[in-house]
Amino acid sequence: MQSSSERIARIASHLHPPSSQMEETSLLGRSGCRAKGGTPGFKVAILGAAGGIGQPLAMLMKMNPLVSVLHLYDVVNTPGVTADLSHMNTGAVVRGFLGQAQLDNALTGMDLVIIPAGVPRKPGMTRDDLFNINAGIVRTLCEGVTRCCPNAIVNLISNPVNSTVPIAAEVFKKAGTYNPRRLLGVTTLDVARANTFVAEVLGLDPRNVNIPVVGGHAGVTILPLLSQATPPSSFTPEEVAYLTERIQNGGTEVVEAKAGTGSATLSMAYAAAQFADACLRGLRGDVGIVECSYVASQVTELPFFASRVRLGRGGVEELLPLGPLNEFERAGLEKAKKELTESIHKGVSFIKS
Ligand SMILES: NC(=O)c1ccc[n+]([C@@H]2O[C@H](COP(=O)([O-])OP(=O)(O)OC[C@H]3O[C@@H](n4cnc5c(N)ncnc54)[C@H](O)[C@@H]3O)[C@@H](O)[C@H]2O)c1
Ligand SMILES: O=C(O)C[C@H](O)C(=O)O
C-alpha cells in the first residue's frame, strides 16, 4: 500500500518524463497505474506530428471517434505536443515518440499512417524544389512502415506529392510489401479549395459544392473538372480561367501570404483529417466513400494519377473514370500528364538508382 505522498510523487514523475521514457510513461496514463482507453477504434500514427500541419492534424485526429490510439512521431517537440493533446477528454489514447530510435515503436501495429513530415516551401520555390530534402525523409519513414506496419494505409502529404508517392511505392516494392491500394497521396486540399472558390463565384454554401480535381498536386498538374461540378453549373470562359488559375495556385497564394514562414497548415490539417476519416470509414466497411487522391492508376497511361477513388476495407477499392472532359479540360490534361511524367520518373529514379 502506497502513502498518498508516494502516489503524488509517482504522478509528478510521469508528468515530466525524460523524453526517452515518453512512450512507456504515456502507456501508464495519468493515474500512473493503468493504461487508459479501451475505446474500440483504429490505430493512427502521424509522422511529422510536431510541425505546422502535424499539430492541428493531431488535434483533429484526437477528436475523431474512430481513433482509439494516436501515435505522434517527429524528430523534435513531440513530448510537449503529446502532453498537451493528452489532456483532451476524447477517446483516443495519445502516445509520443521522439527521434529515429523511436520510429519503429511509433509505427508498430498501426492501421493508418499519415505523413506530413518534411520542409515546406518559401516564396519563389516550386514544390519540386523540396525534393532534395523531402525525398530522403519520405524514404526513411516508409522503410519504417515496411518493417512495422506493412499492411497499414499510408496517407502521404509531404511535397512534392507527385514524386513522393512514387518514392514510397518503390520503397515498398523493394521490401516486397507494396500494395498499391494502400498508398494514397493526399490531394484533398485541392478539392477543398476548388469547392470554396467555386462556391464564392456561384454564391453557394461551399459544403454543398463538389468539384473533382484530378491529375496531381503541383501547378498545372492540378486539374479541376469544372464541367463536372455538383450542383451542375455553367461558367463563363472568364470564370473558368479565373477559377482554374486560382485553384492551381492556391498553395502559392498561401506561401506568399505567409511571407517565408511556411505554407498551408491549417486548411491542410483540415483536409488531411477529412481524408483520413474517409479512409477509416472505408476500413470500417462503410460504403459509397469517394474521394480524390493521387494513387497508382490505370485511369490514364501514367502509373500514378489523381482521380476520384472509391475507398473501402482494402483501401482503394475502385478507380473511377475521368468522365467526359470539355476541350479546355482535355488541353489541361495533356499539360498535366507531361509534367507528371517527369515528376514520377524523378521519384522512381531516386530509389532505383
Ligand atoms: N499534400 C498537400 O496538399 C500539402 C499541403 C500543405 C503542405 N504540404 C507539405 O507538407 C510538408 C510539411 O509541411 P509543414 O507546414 O507541416 O512543415 P513544418 O516544417 O511546419 O513541419 C514539418 C515537420 O516535419 C518534421 N520532420 C522533419 N524531418 C523529419 C523526419 N525525418 N522524421 C519525422 N519528422 C520530420 C519537422 O521536425 C517538422 O515538425 C511539406 O513538405 C509541405 O510542402 C503538403
Ligand atoms: O503549396 C505548397 O507548397 C503546400 C501545399 O502543397 C499546398 O497546396 O498548399
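Restricting 165, 119 to residues that are in the same structural domain as residue 49 (by TED's automatic domain parsing), closer than 24 Å to residue 249 by Cβ, touching a Phe, Trp or Tyr at 6+ places or on another chain (Cβ under 6 Å) and within 16 Å of ligand 2 (Cβ to nearest atom) narrows the list to 165. Note on the stretch 57-77: residues that are near ligand 1 (Cβ under 9 Å from one of its atoms) and either more than 18 Å from residue 141 (Cα to Cα) or open to solvent by less than 30 Å² (accessible area, probe 1.4 Å) (or both) total 3. Return yes when residue 252 is closer than 22 Å to residue 57 by Cβ and not in a helix (DSSP H, G or I) and no when it is not. When the stated conditions are applied, residue 252 does not pass them. Summed over the stretch 249-269, the residues that are surrounded by 17 or more Cβ atoms within 10 Å (Cβ to Cβ) and in contact with a Pro (Cβ under 9 Å, 6 or more places away or on another chain) give a count of 8. Here residue 50 clears all of (1) more than 23 Å from residue 277 (Cβ to Cβ); (2) at pLDDT 95 or above; (3) away from ligand 2 (no atom under 16 Å from the Cβ) except the condition numbered (1). Of 171, 119, all but one fail to be buried (at least 17 other Cβ atoms within 10 Å of the Cβ) and not in a loop (DSSP other than H, G, I, E, B); the exception is 171. Taking the stretch 147-168, which residues are out of contact with any Pro (no Cβ under 9 Å at 6 or more places or on another chain) and part of a helix (DSSP H, G or I)? Of everything in the stretch 147-168, those that are out of contact with any Pro (no Cβ under 9 Å at 6 or more places or on another chain) and part of a helix (DSSP H, G or I) turn out to be 147, 148, 161, 162, 163, 164, 165, 167, 168. Regarding the stretch 305-321, can at least one residue be identified that is over 30 Å from residue 284 (Cβ atoms) and surrounded by fewer than 21 Cβ atoms within 10 Å (Cβ to Cβ)? Among the residues of the stretch 305-321, not one is over 30 Å from residue 284 (Cβ atoms) and surrounded by fewer than 21 Cβ atoms within 10 Å (Cβ to Cβ), which makes the answer no.
Residue-by-condition table, conditions (1) in contact (Cβ under 8 Å) with a residue 40 or more places away in the chain; (2) farther than 16 Å from residue 217 by Cβ:
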{"residue": "261", "(1), (2)": "no, yes"}
{"residue": "272", "(1), (2)": "yes, no"}
{"residue": "277", "(1), (2)": "yes, yes"}
{"residue": "282", "(1), (2)": "no, yes"}
{"residue": "287", "(1), (2)": "no, yes"}
{"residue": "292", "(1), (2)": "yes, no"}
{"residue": "301", "(1), (2)": "no, yes"}
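Which residue is farthest from ligand 1 (Cβ to nearest atom), if the candidates are limited to the stretch 176-235 and must be part of a loop (DSSP other than H, G, I, E, B) and within 27 Å of residue 117 (Cβ to Cβ)? Only one residue fits best here, namely 176. Inclusion of residue 85 among residues that are more than 14 Å from ligand 1 (Cβ to nearest atom), open to solvent by 10 Å² or more (accessible area, probe 1.4 Å) and under 30 Å from residue 251 (Cβ atoms) is warranted.
Scanning the stretch 96-107 for residues that are open to solvent by less than 50 Å² (accessible area, probe 1.4 Å) and within 20 Å of residue 41 (Cβ to Cβ) gives 96, 97, 106, 107.
The values are calculated or read from the model by the stated rules, or taken from the named source; none is laboratory data. Predicted model only: the values in this text are computed from it and were never measured. Glycine also receives a Cβ, built like all others from the backbone with ideal geometry; neighbour counts cover every protein chain displayed. Keep in mind that these areas ignore ligands, DNA and RNA; they rest on the heavy atoms of the full protein, side chains included. Shrake-Rupley method; radii C 1.70, N 1.55, O 1.52, S 1.80 Å.
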